[in-house]
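Working notes, structure below.
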Amino acid sequence: MAESVAVIVPTYNAAATIAACLGSVQAQTRPADELIVVDGGSGDGTAEIAREQGARVITSQANRSAQRNAGAQAASSHYLLFIDADMVLDPGVIAECLAAFRSEHAAVVIPEVSVGTTFLARVKAFERSFYQGVWWMEAARWFRRSQFLQIGGYDTQLLGGEDWDLDERIRKFGGVGRVKSLIRHQEGILRLTALREKKAHYGKALLVYVRLHPERARRQLGMISRIFIFLRHPLHLFRHPVLTAGLAYMGWQEVRAVRAGEESDNPWAEERAL
């Protein structure tokens with residue numbers, strides 16, 4: 001079927017969020033033709049919950065890119081939509097992506113917003129609000145299966161930046177569309193310690209991405225270009241002084257963590273960066 005759609009969700013110990021994620025897929029105004037969960041060996045009942053939610057569950061190594069690629073191989077639909085287990089879709093995502101996709105398009109971007117219960121989660125949501133429509137900060141999640149497979153899918157050697165990497169490579173086939181419906185990223189109880197650990201973990205792997213896409217990486221990781229994104233909306237900053245202060249502090253902490261990760265001897269990051 002030319003208009004068939006597969007939604008692919010990689011999981012690893014996602015029992016706390018997977019039901020809401022899959023429930024949002026099942027609640028689409030235009031249902032998915034396939035719902036595939038690719039589990040990386042969860043020990044918390046994630047696979048069982050996914051099956052109860054009507055998903056087809058397959059297993060793969062615990063590598064997000066490898067899991068996504070395995071889901072694409074297992075699918076038979078014309079279009080692929082990739083989401084993570086801590087994401088919830090607006091009801092119109094699939095219908096809007098189908099309507100927005102044109103013959104000259106290679107992919108579609110679905111805007112993402114953050115949702116959480118802590119002050120830091122609110123700061124993260126505030127930060128993400130500035131990235132809406134900034135093409136080099138967003139990444140497509142909707143693709144033609146044939147083209148996705150032709151370019152080899154996600155790069156399994158990239159521990160960080162794999163979404164941006166695919167967004168760059170898929171553009172050889174055409175432009176990238178955009179819809180208004182949202183993906184809501186469930187940040188949950190976001191803590192500074194966990195955020196710093198995550199950024200440090202990605203720090204070294206990002207060096208590989210920088211070498212692959214230096215121009216885009218320069219914009220994404222450059223201090224001046226990032227600051228300019230925020231300064232484009234001075235009233236938004238002025239109206240939320242507490243969140244603005246939190247944004248500045250969080251950004252400083254993230255930069256420190258990434259630099260620490262680049263200089264660390266994290267063996268897992270080193271292995272994936274080879």
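Leaving out ligands and nucleic acids, and using a 1.4 Å probe, what accessible area per residue does the chain come to in Å²?
Averaged over the residues of the chain, the accessible area is 47 Å².
Go through 67-78, 26-37, 158-169 and give me the packing order, highest mean Cβ count within 10 Å leading.
158-169, 67-78, 26-37
Beyond 21 Å, how much of the Cα-Cα pair distribution for the range 1-151 remains, as a whole percent?
Beyond 21 Å sits 46 percent of the P(r) for the range 1-151.
State the percentage of accessible surface on the chain attributable to carbon and sulfur atoms; use a 1.4 Å probe and exclude ligands, DNA and RNA.
Result for the chain: 57 percent of the exposed heavy-atom area is carbon or sulfur.
Using bins 10 angstrom wide from zero, how does P(r) for the range 134-239 break down, in % of all Cα pairs?
11, 34, 41, 13, 1
For F230, F148, F119, give the ranking by accessible area with the largest first, probe 1.4 Å.
F119, F230, F148
In percent, how large is the relative contact order of the chain, given Cα pairs closer than 8 Å and 6 or more residues apart?
Normalised by residue count, the contact order of the chain is 19 percent.
Considering only DSSP beta bridges with both partners in the chain, what is the antiparallel share in %, to the nearest 5?
About 25 percent, rounded to the nearest 5.
Does anyone have the angle between helix 192-212 and the longest principal axis of the chain? Alpha-carbon axes, 0 to 90°, nearest 10?
Long axis of 192-212 versus the principal axis of the chain: about 80 degrees.
Grab the other residues whose beta carbon is less than 15 angstrom from that of S146, score K and R as +1, D and E as -1, and report the net.
That works out to +3.
So what are the radius of gyration and Dmax for the Cα set of the range 84-199, in Å?
Both quantities, over Cα of the range 84-199: 15.1, 45 Å.
Counting only Cα atoms, I'd like the Rg/Rh figure for the chain, Kirkwood definition for Rh.
Across the chain, the Cα-based Rg/Rh ratio is 0.95.
Each residue of the range 89-94 in turn: what ³J(HN,Hα) in whole Hz from Karplus with 6.51, -1.76, 1.60 and θ = phi - 60°, glycine and Pro shown as x?
Here the 3J(HN,Hα) series is 8, 4, x, x, 4, 5 Hz.
The values are calculated or read from the model by the stated rules, or taken from the named source; none is laboratory data. Note that the structure is predicted; figures quoted are calculated from it, not measured. Because the Cβ atoms are built from the backbone with ideal geometry, glycine has one as well, and the counts that use them run over all protein chains shown. The protein model used for the area step is the full one, side chains on, heavy atoms only, and it has no ligands, DNA or RNA in it. Shrake-Rupley method; radii C 1.70, N 1.55, O 1.52, S 1.80 Å.
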